[in-house]
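The values are calculated or read from the model by the stated rules, or taken from the named source; none is laboratory data. Please read these numbers as outputs of a predicted model, since none were measured by experiment. Here the Cβ positions follow ideal geometry from the backbone for every residue, glycine too, while neighbour counts run over all protein chains shown. To get the accessible areas, we keep the full protein, side chains included, count just its heavy atoms, and leave off ligands, DNA and RNA. Shrake-Rupley method; radii C 1.70, N 1.55, O 1.52, S 1.80 Å.
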There are 2 protein chains.
Amino acid sequence: MSPDVSSTSPQGTPSATSGPPPTYTFPYNKLKLLQIEPNKAPIVLVSCGSFSPITFLHLRMFEMALDYIRFNTDFEVCAGYLSPVSDAYKKVGLAPGHHRVVMCSRSIEPSSWLMVDPFETVNRNEKGEPEYVPTAKVLRHFDYEINTVLGGIEGTDGIKRKAKIALLAGADLIMSMGEPGLWSPIDLDVILRSFGAFIIERSGTDIDEALSTLRQYKDNIWVINQVIQNDISSTKVRLFLKKDLSIRYLIPDPAIEVCYLLKAFLSKETLTRRAYSISNNTAYSRKDQRTRLKTRKGYSRKTHQTHQTLRPVRL
Amino acid sequence: MSPDVSSTSPQGTPSATSGPPPTYTFPYNKLKLLQIEPNKAPIVLVSCGSFSPITFLHLRMFEMALDYIRFNTDFEVCAGYLSPVSDAYKKVGLAPGHHRVVMCSRSIEPSSWLMVDPFETVNRNEKGEPEYVPTAKVLRHFDYEINTVLGGIEGTDGIKRKAKIALLAGADLIMSMGEPGLWSPIDLDVILRSFGAFIIERSGTDIDEALSTLRQYKDNIWVINQVIQNDISSTKVRLFLKKDLSIRYLIPDPAIEVCYLLKAFLSKETLTRRAYSISNNTAYSRKDQRTRLKTRKGYSRKTHQTHQTLRPVRL
């Protein structure tokens with residue numbers, strides 16, 4: 001569906017064989033191709049994460065953003081996408097990509113506006129191995145599929161316009177972005193200038209310092225307060241699975257079924273944490289980055305909502 | 001099914017016409033009538049509440065208790081029951097009882113051990129009006145249905161034993177019970193001595209003072225720590241409905257459908273708060289009791305998990 005995007009490396013260098021397989025198709029069955037509201041700009045929300053497993057909080061974030069956008073902005077939400085990370089990410093407790101896609105897909109079935117894009121999980125390098133897709137490239141992929149291939153969204157005036165593509169993430173993302181050296185400045189600029197981010201804040205989290213570092217992008221970052229607190233995380237679900245504790249009503253029922261099938265993967269505690277190579281660059285895994293960030297800043301919260309661009313980390 | 005219990009007033013005085021209608025049957029389709037584990041005593045958990053609407057936290061409490069009991073006690077859980085309060089309770093935002101029963105029933109369908117008992121909602125006084133059932137009487141009803149009508153639970157040794165009936169509730173319950181004058185001492189004694197209570201604690205809630213007041217019942221009160229915090233409450237859901245905010249992923253999907261049908265009821269903000277008469281006693285509503293308790297003690301948490309015995313309040 002998108003050979004020129006999918007076969008483009010993060011640096012924009014074409015690559016003949018890498019990318020998603022020919023069987024990959026971009027899902028848009030729930031994408032609102034015709035706007036309902038006049039004088040509103042179309043927007044599509046994308047959440048990048050492990051979803052290992054998906055929790056009610058992952059899904060709740062989309063609903064919070066939907067409400068926020070409806071009441072506080074001039075955007076009309078046309079769709080929300082979950083984009084599960086590649087198996088190349090090699091995070092502890094990461095279930096195989098196709099199972100994570102199934103879990104997410106079955107969990108969002110009742111939703112009228114949420115979809116799962118398997119793009120990251122099916123992406124392969126030239127050797128046919130799973131290849132990590134940096135966040136900036138994921139957003140470019142959505143931009144290409146929706147605004148180039150599909151031609152954008154038709155307004156109430158009959159004119160087609162490009163949908164804004166925005167990242168939806170937890171507060172940790174913006175905190176990591178405000179930390180010098182953790183993100184590639186080029187990718188950060190792509191994500192926050194060309195696209196934009198909706199951040200779900202949590203009480204007790206101080207993101208002001210991070211926002212002050214990123215003030216050049218302030219008009220493209222929206223912070224949403226989490227009115228109803230919920231401390232569920234994929235990590236806690238994996239811990240509960242390992243301890244043989246109930247996970248019911250913490251995550252959607254279809255995800256529970258998959259979790260029990262995948263218990264061995266999901267409750268895996270130890271996996272070699274190692275730097276690994278992506279796109280000919282040596283990079284640290286997100287886990288390493290997070291550990292380093294914590295050590296340096298003494299901050300201990302995490303949301304697992306997003307993955308950072310893997311670049312050599314200057315620490 | 002249980003005419004002698006159902007036609008018994010809270011004081012134990014027989015009444016010819018009050019009670020549930022003849023069509024009422026006690027649900028026990030998921031009750032484990034044969035124990036699986038040897039050397040464990042059978043137990044049944046009962047949660048009394050408004051469930052207007054039911055939330056994931058109501059359901060999660062049962063799972064927390066199930067885990068706790070399995071790992072920390074010599075009981076084997078044979079069933080969990082939700083017992084929605086009578087319409088006579090007249091709480092603000094209380095949807096009609098039959099709708100609350102439908103909401104709860106559809107929400108617990110996938111569960112292998114949870115059931116909904118409509119007993120409280122169908123209970124009528126001599127005039128055929130909804131009649132409030134005090135918590136002590138609700139527990140007696142379960143005791144009668146399970147241990148007298150059904151004859152108890154058969155152990156792995158083939159011997160039938162009486163199941164322990166225990167109340168499952170949030171921390172507010174125990175705090176209100178520790179407050180002098182809020183509960184009838186007789187009912188308190190029935191609930192905590194003859195039956196027992198499993199209390200879901202929340203971080204930031206100090207229930208030690210309440211427990212010290214109730215130390216004579218300490219062997220019959222189990223406090224369960226809520227490892228994964230979740231601030232959802234029926235009150236917040238009703239507020240979200242009123243403000244036209246999304247409630248998806250806060251409450252089960254079947255409950256959402258009913259909520260939208262009942263939006264007028266559930267988002268009702270004002271209803272005359274008044275003392276009303278029950279069983280020939282003048283009593284304050286739970287709302288009034290809570291307001292008074294807050295004013296006196298400066299405590300502001302609430303969980304809506306249980307209803308108190310409505311007796312004249314000495315304040």
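Points worth noting:
- Computed over protein heavy atoms with a 1.4 Å probe, the carbon and sulfur contribution to the accessible area of region B:20-137 reaches 55%.
- Amide H contacts for B:W222 (H built 1.01 Å from N in the peptide plane; partners 5 or more residues away or on another chain; cut-off under 5 Å): B:A197, B:F198, B:I199.
- Interface residues in region B:94-139 - accessible area drops by 50 Å² or more relative to the isolated chain, probe 1.4 Å: none
- For region B:151-176 versus region A:208-234, the spacing of their alpha-carbon centroids is 46 Å.
- For B:R161, the residues whose amide H sits under 5 Å from its own are B:I153, B:E154, B:G155, ignoring neighbours fewer than 5 places away on the same chain, with H placed 1.01 Å from N.
- Computed magnitude of the charge dipole of region A:41-266 (debye, nearest 20; Cβ of K, R +1, Cβ of D, E -1): 500 debye
- Phi-based couplings in Hz for region B:32-44 (Karplus 6.51, -1.76, 1.60; Gly and Pro marked x): 7, 7, 10, 6, 9, 9, x, 6, 10, 8, x, 9, 10
- Prolate/oblate/rounded call for region B:41-266, Cα gyration tensor, a/c under 1.5 rounded: rounded
- Inter-copy spacing of A:L33 label points, which lie 7 Å from Cα along Cα→Cβ, given in nm from shortest upward: 5.7
- In order along region A:70-75, the Karplus-derived 3J(HN,Hα) couplings, from 6.51 cos²θ - 1.76 cosθ + 1.60 at θ = phi - 60°, round to 5, 8, 10, 9, 9, 9 Hz, and Gly and Pro are given as x.
- Nearest-to-axis residue of chain B, judged by beta-carbon position, where the axis maps B onto A, in Å: B:N230, 2
- Legend: distances between Cα atoms for A:K137/A:K243; A:K164/B:K236; B:K127/B:K236; A:K242/B:K218; A:K91/A:K137; pairs beyond 27 Å are A:K137/A:K243; A:K164/B:K236; B:K127/B:K236; A:K242/B:K218.
- On association of chains B and A, roughly 2500 Å² of accessible area becomes buried (total for both chains; probe 1.4 Å).
- Backbone geometry of region B:117-132 corresponds, through the Karplus equation with coefficients 6.51, -1.76 and 1.60 at θ = phi - 60°, to 3J(HN,Hα) couplings of 9, x, 2, 5, 6, 9, 5, 10, 8, 5, 8, x, 8, x, 10, 4 Hz, x marking Gly and Pro.
- Estimated at 0.36 nm per residue, the fully extended path between A:L34 and A:T17 surpasses their Cα-Cα distance by 2.6 nm.
- Amide H contacts under 5 Å for A:A41: A:F75, A:E76, restricted to partners 5 or more places along the chain or on a different chain, H placed in the peptide plane at 1.01 Å from N.
- Taking the chain by itself as reference, region A:31-62 contains these residues with an accessible-area loss of 50 Å² or more in the full protein complex (1.4 Å probe, heavy atoms): A:F56, A:R60.
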